[in-house]
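Following: one structure in structure tokens, then a few remarks.
Every number in this text was worked out from the coordinates using simple rules, so none of it is lab data. These numbers come from a predicted model, not from an experiment. Every residue, glycine among them, receives a Cβ derived from its backbone with ideal geometry; neighbour counts consider all protein chains shown.
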């Protein structure tokens, strides 16, 4: 009997050790990668090209970050990215939240299939026709084509997340509002929408992140002055053969807002991704 | 309110019935989005089909050529290699993340201290900007100064050429893809595990089953549909992979990592052969659709 209990305890202990070891193995590639990224960004050039590599910056330097903003038009690219991602996300919410509601209420599964096919289509395949269209309209070189193409990413994400959310809401409250003489618009605006606020937050965060991260649309449609941050990091810095420190610093600047947002809103992001498996581009 | 309902039952019922009839009118909510979707998603699909049967360069006439663009693919070596390479890259980029992702989901479904923090850190690679992480990976792959070869040397393993040799470039890119997208598989499977009943586990524990037996005979069969969904999503994304390959290798060295999406980009936006590029898009799309349907039918048979 005591032997049995001892064995049980030993087994439970071994299980715990195995679990912690597994988790350590699973998260270390991510942890080490981002630490190395920060290390590259905070070291001077001599340390960055040293062999064996220097792991801990001593002393850490912010010269690389200063370099990125001083030697390039990085502030402009940041503003471009902010304008494009905020506009594309805002427009997508304006269009997608009511659409998600309509599709959920009308139980229009065929419309959902269309959204699913849009998710399957490679981003490049939208670009050839849209590139011609924007060229014909003389819009290449402005931010408008970028905002419009980013809708290809943001609208399906918002609609997809919102369908799921509105389907999960109890219908009784809106029906009560309708019985009391509300129009369907009022039932949506004053009953369903406030209830779906957590869903709207999830949709907004995901749409913003995938628009911010997008590279493929910008690389084709952006001109010299309309580059978004991902395109700018790739184009400007790699073509000028800039050394590792500033390159890592620029990469960190581009991805920092997204990483911070993920850390702050992890619960919402995990909920949204688990529900839909959404991803843009 | 209940008083009015009692005193005027017919009027209330009438209004309620009208409420039900609203179902059709809910379509109005989707109209603005439908117009935008038609303009930026459906129009490109149709126009792509139209362009794919024309000899379409950026400037000059665009004569109708029938199926010539499609016929060209049958004799285009570079295109056929790109297809094979894409299938190789995709198969590896589905299998590795799905195995690791299921393992991660099982681990993260257990309760332990700092689970929330660990899970968030684990999810970071898929949220980070692909271009940014690709640049850092490129620096890590540097044959002489890269940190990865240094780590290999510490373990007594000879240095690898990583993305600088045609024999190791695709496995290396698969490693990046796995690092980046295992979290998505984990999240989907974790969602599946969270929805499972707890009774079978308690019964199994009483019968003295170990962790592996519980996974093999309870978790795995019940979560199978979620694993298939994760695999299908992973496969679609791997077929479409672009940012990391473009930034790290641009299809090189030579054309040894040129997948269909990279070749498509080169054809349309480096050689400006929009007609041929469009035909490739159509074939690419059909390929994605066929493989997705195949995998989903496997799911139905297995359940």
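Relative to the compact-globule estimate of 2.2 N^0.38 Å, the Cα radius of gyration of the range B:133-191 comes out at 1.32. For the peptides A:75-84, B:225-234, the ranking by packing is B:225-234, A:75-84, with the highest mean count of neighbouring Cβ atoms within 10 Å listed first.
For the segment A:93-100, counting C-beta atoms of other chains within 10 Å of every residue's C-beta and taking the mean gives 5.
Of interest is the spacing of the C-alpha centroids, which for the range B:52-107 and the range A:1-62 amounts to 38 Å.
With the simple spin-label model, which puts each label point 7 Å out from Cα in the Cβ direction, the residue A:51 to residue B:87 separation comes to 4.0 nm.
The alpha carbon centroids of the range A:109-160 and the range B:253-303 are separated by 18 Å. With R₀ set to 30 Å, the beta-carbon distance separating residue B:152 from residue B:74 gives a calculated FRET efficiency near 0.10. Spin-label model, residue A:120 to residue B:165: label points 7 Å out along the Cα-to-beta-carbon direction sit 3.9 nm apart. Pop the C-beta distance of residue B:202 and residue A:14 into the FRET formula with R0 = 25 Å and round what comes out to the nearest 0.05. FRET efficiency, residue B:202 to residue A:14: 0.75. Each of residue A:70 and residue B:27 was given a label point 7 Å from its Cα along the Cα-to-Cβ line. The distance between the two points is 6.3 nm. The peptide list A:9-18, A:249-258, put in order of mean Cβ contacts within 10 Å with the highest first, becomes A:249-258, A:9-18. Other protein chain C-beta atoms within 10 Å of residue C-beta, averaged over A:49-57: 3. The mean number of partner chain beta-carbon atoms within 10 angstrom of a residue's beta-carbon across peptide A:176-184 is 4.
Taking the range A:243-262 and a reference point 7 angstrom along Cα→Cβ of residue A:38, the backbone N atoms nearer than 17 Å belong to A:248-262. Take B:122-134, A:86-98, A:130-142 and order them by the average number of nearby Cβ atoms within 10 Å per residue, most first; the result is B:122-134, A:86-98, A:130-142. In the protein assembly as shown, helical runs assigned H by DSSP with n ≥ 4 each contribute -39500 (n - 2.57); averaged across all residues and rounded to the nearest 500, the mean residue ellipticity at 222 nm is -23000 deg cm²/dmol.
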